[in-house]
1. Could you tell me whether residue 24 is more than 25 Å from residue 129 (Cβ to Cβ) and either of a type outside the set (A, V, I, L, M) or touching an Asp or Glu at 6+ places or on another chain (Cβ under 8 Å) (or both)?
2. Which ones in region 38-51 are loosely packed, with under 14 Cβ neighbours inside 10 Å and outside any loop (DSSP other than H, G, I, E, B)?
3. What are the residue pairs meeting all of these: first residue in region 137-165, first residue more than 15 Å from residue 107 (Cβ to Cβ) and without any contact (Cβ under 8 Å) to a residue 12 or more places away in the chain, second residue acidic (Asp, Glu) and loosely packed, with under 14 Cβ neighbours inside 10 Å, Cβ atoms under 6 Å, and 6 or more apart or on different chains?
4. Could you list, in sequence order, all residues of region 17-36 that are in a strand (DSSP E or B) and exposed (fewer than 14 other Cβ atoms within 10 Å of the Cβ)?
Amino acid sequence: MNRTEFMFDGQPVESLYERIGERFKVVVGEKTFELQPYGDNLYLVQFNGKKLTAAVAESRGVYYIDIDSVLLEVREPSQDSIAGGAADVGAADKIFAPMPGKIVKIMAEVGGDVREKQALVIVEAMKMENPVLARAKGKVKAIHFAVGDQVDTESPIIELELEEG
């Protein structure tokens, strides 16, 4: 099975998937789903003996999935969304917001250890909470903003001291 990660409800989710002919077997946590395409962007989803219809539309890297009138937004984390921000993508020691917004949660502290892809801060933008993940392993060197602060994409929220090796 192939491993992938996507963002769901503002949180990174790891899943396994396998293509079997035209069908897909998807495992998320302890739940297994079978997907069978049957039209343009339409899928039959089987889960726990139930059959549901799913319609999928994609726009700018976000997948909108309607499963029996329940709308989900799913996105694949890109390197930009992992670190956030439009600033220097190579600057793994600086954590930027993916878009202007308000900090609603900080999940790091100065001196704390950080692992790659660890959520460090949640930025609310356009009524959505966006976790901003570390792109490298290290320690928190500085936190430049607080919960409730407005941030842009040019000023680092957090700076890391990267771990060598």
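1. Values: more than 25 Å from residue 129 (Cβ to Cβ): yes; either of a type outside the set (A, V, I, L, M) or touching an Asp or Glu at 6+ places or on another chain (Cβ under 8 Å) (or both): yes.
Yes.
2. 38, 39, 42, 50, 51 - these are the residues of region 38-51 that are loosely packed, with under 14 Cβ neighbours inside 10 Å and outside any loop (DSSP other than H, G, I, E, B).
3. From region 137-165, no pairs qualify.
4. First, the residues of region 17-36 that are in a strand (DSSP E or B): 17-20, 23-28, 31-36.
Residues satisfying the conditions are 18, 19, 20, 31, 32.
Values in this text are rule-based calculations from the coordinates and carry no lab data. Keep in mind it's a predicted model, so treat the numbers as computed, not measured. Don't worry about glycine lacking a Cβ; one is built from the backbone with ideal geometry, like all the others, and counts go over all protein chains shown.
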